[in-house]
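Structure first, then comments.
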Amino acid sequence: DAGVTQSPTHLIKTRGQQVTLRCSPKSGHDTVSWYQQALGQGPQFIFQYYEEEERQRGNFPDRFSGHQFPNYSSELNVNALLLGDSALYLCASTDEGNTDTQYFGPGTRLTVL
Amino acid sequence: AQSVSQHNHHVILSEAASLELGCNYSYGGTVNLFWYVQYPGQHLQLLLKYFSGDPLVKGIKGFEAEFIKSKFSFNLRKPSVQWSDTAEYFCAVNAMNSGYSTLTFGKGTMLLVSP
């Protein structure tokens, strides 16, 4: 049973660029959430996707956008990168019928220079 | 909006010592509570969770946590730590008013267990 997978593992970008991160949820899961974990901080909720729509959003600017595909996989896009966007980006999945526990992927380490 | 506070950012213990990590949350409604652990180089894993019922919950690897509603607390405990417990521990809360499973995390506590 495959867990949550994310790609790429690491990414280096420069300020002003755009980045796309990818996530495949755990088998059987249909809901995907994205979190940003800055160094020395706990994960912060960015947004959640279900049925290909964003249904809840945290306190992040609209430079952060996402998408969910019919196979439940998801992308996180960040435009106009800032130095402060450097962080570990975590994807978590859950089953809409059993929303009690989220399962996390290994994350994508984004460095903005 | 809910928030989570973890009392200690770093904890250093010797093997066999007892562990208690503090966690307080602020939210007036019904919550689900979680402890996640992140071992070095690994992804976040669920340690234990509380939804309802017995306020003392047991998790993996000998960890347990007690929900005290009057104190808005959910402290993590282990009677005797091992070197392999070295990791970062995160307390998290899911406020039930939204009906959705999204988590608010504390800043984490880095536990270092010396052999």
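Any read-out appearing in this document is the output of simple, stated calculations on the displayed coordinates, not a laboratory observation. No experiment lies behind these values; they were computed from the predicted model shown. As a convention, Cβ positions derive from the backbone with ideal geometry for all residues, glycine included, and neighbour counts pool all protein chains shown.
Here the range A:29-98 has an Rg and Dmax of 12.1, 38 Å, counting Cα atoms alone.
Note that the range B:39-51 has calculated 3J(HN,Hα) couplings of 6, x, x, 10, 8, 4, 10, 6, 8, 6, 8, 10, 10 Hz, one per residue in order, obtained from phi through the Karplus relation 6.51 cos²θ - 1.76 cosθ + 1.60 (θ = phi - 60°); glycine and proline are x. Note on residue B:107: lysines with a C-alpha under 24 Å away, same-chain residues under 8 apart excluded, are B:49, B:58, B:61, B:69, B:71, B:78. Computed on the range B:12-115, the Cα convex hull volume stands at 97 Å³ per residue.
So how far, in whole Å, is the C-alpha centre of the range A:42-113 from the one of the range B:1-30? Spelled out, the Cα-based centre of one part sits 25 Å from the other. Measuring r between the beta carbons of residue B:60 and residue A:14 and using R0 = 41 Å, the FRET efficiency lands at 0.50. Each Lys and Arg Cβ is given +1 and each Asp and Glu Cβ -1; about its Cα centre, the protein assembly as shown then shows a dipole of about 560 debye. The spread of Cα positions in the protein assembly as shown, taken along each principal axis and listed from longest to shortest, comes to 48, 37, 35 Å. Put a dot 7 Å past the Cα of residue B:82, heading toward its Cβ, do the same for residue B:15, and the two dots end up 1.0 nm apart. Label sites at residue B:69 and residue B:114, each approximated as a point 7 angstrom past Cα along Cα to Cβ, lie 4.3 nm apart.
Across chain A, the relative contact order, built from alpha-carbon pairs under 8 Å that are at least six residues apart, equals 36 percent. Rounded to whole numbers, the Karplus 3J(HN,Hα) couplings from phi for the range B:69-83 are 4, 5, 9, 6, 10, 8, 7, 9, 9, 8, x, 8, 7, 10, 4 Hz, using 6.51 cos²θ - 1.76 cosθ + 1.60 with θ = phi - 60°, and x at Gly and Pro.
Taken along the Cα-to-beta-carbon direction at a fixed 7 Å, the label points for residue B:52 and residue A:65 span 4.1 nm.
Where does the charge balance sit around residue B:43 when Lys and Arg score +1, Asp and Glu -1, over other residues with C-beta under 14 Å from its C-beta?
Here the charged neighbours net out to +1.
Please give the FRET efficiency for residue A:53 paired with residue A:111, using the beta carbon to beta carbon distance and R0 = 25 Å, rounded to the nearest 0.05. The pair residue A:53/residue A:111 has a calculated efficiency of 0.25.
In the range B:1-79, Cα pairs under 8 Å separated by at least six residues give a relative contact order of 30 percent.
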